[in-house]
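The values are calculated or read from the model by the stated rules, or taken from the named source; none is laboratory data. In this text the structure is predicted, and so the values were computed from the model without any measurement. In this analysis, Cβ positions are derived from the backbone assuming ideal geometry, glycine residues included, and neighbour counts consider all displayed protein chains. Just so you know, the surface numbers come from the protein's heavy atoms only, side chains and all, with ligands and any DNA or RNA stripped out. Shrake-Rupley method; radii C 1.70, N 1.55, O 1.52, S 1.80 Å.
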Amino acid sequence: MEDAPLVGVLALQGDFAEHEAALAAAGVRTRRIRAAADLGGLDGIVLPGGESTTMLKLLDVEELWRPLGDALRSGVPVFATCAGMILIADRVENPNQRSYGLLPITVVRNGYGRQYHSGTFALVSTALPAGTTGTFIRAPRITSVGAGCEVLARRGDDPVLVRRGPVLAACFHPELATGLHPVVAMFVEAVRAYVRRSAAARA
Amino acid sequence: MSKKHPLDKIPGFTAEERVSKIGFCEQLKGGVIMDVIDAEQARIAEEAGACAVMALERVPADIRKHGGVARASDPGMIEAIQKAVSIPVMAKVRIGHFVEAQILEAMEVDCIDESEVLTPADEQFHVDKRVFKTPFVCGCRDLGEALRRIHEGAAMIRTKGEAGTGNVVEAVRHMRALMSQIRELRSMEEKQLEKKASELRVPFDLVAWVAENGRLPVPNFSAGGVATPADAALMMQLGAEAVFVGSGIFKSGNPQQRAKAIVRAVTHFEEPKVLVEVSKGLGEPMVGIDINTMPANERLAGRGI
């Protein structure tokens with residue numbers, strides 16, 4: 001499929017292979033982002049789960065911090081899960097760390113506790129099919145959501161799936177689900193719409 | 001194409017265990033897990049980009065020197081490390097010592113390593129890892145050991161290597177054995193797989209899953225003897241998905257720099273130019289041990305088969 005959209009998956013550390021598998025199953029091509037040269041010509045960007053501190057160190061070492069930031073702000077659809085969401089939040093606590101400030105949210109790292117408290121929980125949402133669940137692994141907790149940021153799903157009272165413009169972020173891991181998770185489908189739909197808009201703009 | 005053994009249904013694991021236990025281990029992929037003995041070392045490891053730390057009182061090289069019975073670490077020491085860092089903290093229990101495991105679970109350690117590096121507590125049984133909510137990692141020297149541990153509930157496998165030697169030869173032997181045995185399964189027909197399953201003493205479904213998917217159903221990491229960035233990249237090229245480094249970092253001349261170099265080598269394991277850069281000027285590596293001069297009773301990898 002030569003015309004399938006191409007999504008870049010940040011592949012410094014974490015569950016990037018699971019994201020690639022989920023996207024491939026949805027008919028999208030993927031490319032691993034490990035250097036600035038990998039950022040050209042993408043129709044979407046995924047920031048996977050993993051350890052946000054490890055990713056931050058490697059973004060600096062690879063001199064990717066700025067080029068990735070520019071790509072994330074370029075208007076392409078962005079999908080960030082768990083550690084990826086921490087990277088793009090406005091403010092990060094426990095401990096405080098640097099982030100892109102792409103979404104007006106405050107997140108507390110490991111806000112639901114250590115691995116012992118990880119698991120799959122029901123999501124409350126009008127944007128997702130009834131019965132949709134999310135797997136939270138040492139997940140970040142969103143403690144405040146600023147203006148212009150939509151809350152698409154909650155776990156109890158907590159926002160866990162948020163969106164502003166082309167940027168979609170989840171505290172949980174839709175990429176680990178059996179079959180196509182509705183949140184992955186939502187991102188892929190945004191990528192396809194972006195490709196259509198770009199083609200129309202060129203024509 | 002309909003598969004009899006789809007990737008996302010793992011024999012012996014519930015759907016929930018697959019996503020929460022194995023899913024946790026998947027977050028560590030492409031990373032380096034470092035042995036640390038105190039909060040200070042844990043901070044250095046985190047700062048260098050470790051994706052997790054293994055808290056233990058003595059690194060394997062010192063366990064060898066010290067001799068005697070090696071047991072699970074003092075909970076106070078593990079707690080101090082849990083407080084010092086925000087990355088996952090793992091800790092070791094003796095093979096078969098399910099009470100040490102209960103203690104670590106009660107402390108909410110993120111992952112438990114049932115490890116041959118400590119003195120085994122049970123010569124017959126490993127810990128029944130299914131009854132725990134905490135994911136376990138176990139060592140293996142070959143496919144049989146790997147699948148027996150997975151059948152007992154391990155959510156991650158690491159090749160054993162020979163810990164505390166700074167010599168990668170055993171880790172290579174174990175990874176090669178594992179990968180070639182997985183490849184062998186791929187060409188077998190059902191009758192042969194049945195025979196293999198009984199030979200390896202594991203359920204047929206588990207063997208059939210590996211045969212069909214061409215890999216272990218849980219993440220496959222490497223451990224035991226990694227001392228340089230090149231060692232780490234070697235294990236990744238041989239098929240490891242992440243690397244444990246024990247004595248190799250804090251027994252070397254410049255732990256900070258070596259830790260950073262190994263982290264980068266694991267991300268860029270297929271790029272020799274990056275490996276050149278990170279391998280420069282690292283100072284003294286840990287002094288290694290030639291496995292051939294080591295008496296058989298000092299080898300740790302033969303524990304827990």
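Quick notes on this one:
- Condition met for B:Ala84 (open to solvent by less than 30 Å² (accessible area, probe 1.4 Å) and touching a residue at least 12 places away in the same chain (Cβ under 8 Å)): yes
- Within the range B:132-157, the residues that satisfy the criterion of being away from chain A (no Cβ under 14 Å) and open to solvent by 10 Å² or more (accessible area, probe 1.4 Å) are B:Arg141, B:Asp142, B:Arg148, B:His151, B:Glu152.
- Filtering the range B:250-305 to residues that are free of Cβ contacts under 8 Å to residues at least 24 places away in the same chain, closer than 26 Å to B:Glu114 by Cα and of a type in the set (Lys, Arg) leaves nothing.
- Exactly one residue out of A:Arg109, A:Arg138, A:Arg114, A:Arg164 is basic (Lys, Arg) and away from chain B (no Cβ under 11 Å): that is A:Arg164.
- Matching option when the condition is of a type in the set (Val, Ile, Thr) and under 21 Å from A:Ser198 (Cβ atoms), among A:Thr54, A:Thr106, A:Thr30: A:Thr30
- B:Trp209 satisfies every condition listed in (1) farther than 28 Å from B:Leu234 by Cα; (2) more than 16 Å from the chain's Cα centre (by Cα); (3) open to solvent by less than 10 Å² (accessible area, probe 1.4 Å); (4) not polar (S, T, N, Q) except (1).
- Among the residues of the range B:114-131, those that are in contact with a Leu (Cβ under 9 Å, 6 or more places away or on another chain) and either within 14 Å of chain A (Cβ to nearest Cβ) or hydrophobic (A, V, I, L, M, F, W, C) (or both) comprise B:Val117, B:Leu118.
Per-residue answers, yes or no, for (1) open to solvent by less than 40 Å² (accessible area, probe 1.4 Å); (2) among the small types (Gly, Ala, Ser):
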site	(1), (2)
B:Arg43	no, no
B:Ala50	yes, yes
B:Val53	yes, no
B:Ile63	yes, no
B:Gly68	no, yes
B:Ser73	yes, yes
B:Phe98	no, no
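- Residue that is surrounded by the fewest Cβ atoms within 10 Å (Cβ to Cβ), among those in the range B:249-278 that are away from every other protein chain (no Cβ under 14 Å) and within 23 Å of A:Met55 (Cβ to Cβ): B:Pro255
- Within the range A:178-195, residues that are in contact (Cβ under 8 Å) with a residue 40 or more places away in the chain sit with their Cβ atoms under 7 Å from residues that are open to solvent by 40 Å² or more (accessible area, probe 1.4 Å) and hydrophobic (A, V, I, L, M, F, W, C), at 6+ positions apart or across chains, in these pairs: A:Leu180/A:Ala25.
- Any hit, the range B:214-236, residues being assigned to a helix (DSSP H, G or I) and touching a Pro at 6+ places or on another chain (Cβ under 8 Å): no
- Checking A:Ser52 against (1) touching a helix residue (DSSP H, G or I) at 6+ places or on another chain (Cβ under 7 Å); (2) within 22 Å of B:Ala240 (Cβ to Cβ); (3) open to solvent by less than 10 Å² (accessible area, probe 1.4 Å), the condition it does not meet: (2)
- The listed residues are A:Arg66, A:Arg73, and the only one of them that is of a type in the set (Lys, Arg), over 15 Å from the mean Cα position of the chain (by Cα), open to solvent by 10 Å² or more (accessible area, probe 1.4 Å) and away from chain B (no Cβ under 13 Å) turns out to be A:Arg66.
- Listed by position, the helices (runs of 4 or more DSSP H) enclosed by the range B:15-71 that each have at least 2 residues that are away from chain A (no Cβ under 14 Å) and modelled with pLDDT of 95 or more are B:39-48.
- Selection count, the range A:3-23, where residues are more than 10 Å from chain B (Cβ to nearest Cβ) and closer than 15 Å to A:Phe79 by Cα: 10
- Any hit, the range A:107-128, residues being in contact with a strand residue (DSSP E or B) (Cβ under 6 Å, 6 or more places away or on another chain) and closer than 25 Å to A:Leu64 by Cβ: yes
- Check on B:Met77, more than 10 Å from every other protein chain (Cβ to nearest Cβ) and either among the hydroxyl-bearing types (Ser, Thr, Tyr) or open to solvent by 10 Å² or more (accessible area, probe 1.4 Å) (or both): yes
- Selection of the range A:105-142 for residues being closer than 14 Å to A:Ile86 by Cα, in contact with a Gly (Cβ under 7 Å, 6 or more places away or on another chain) and open to solvent by 20 Å² or more (accessible area, probe 1.4 Å) yields only A:Arg141.
- Scanning the range B:241-293 for residues that are basic (Lys, Arg) and either assigned to a strand (DSSP E or B) or closer than 27 Å to B:Ile157 by Cβ (or both) returns B:Lys251, B:Arg258, B:Lys260, B:Arg264.
- The range B:1-14 - residue that is open to solvent by 60 Å² or more (accessible area, probe 1.4 Å) and within 11 Å of chain A (Cβ to nearest Cβ) and, of those, modelled with the highest pLDDT: B:Thr14
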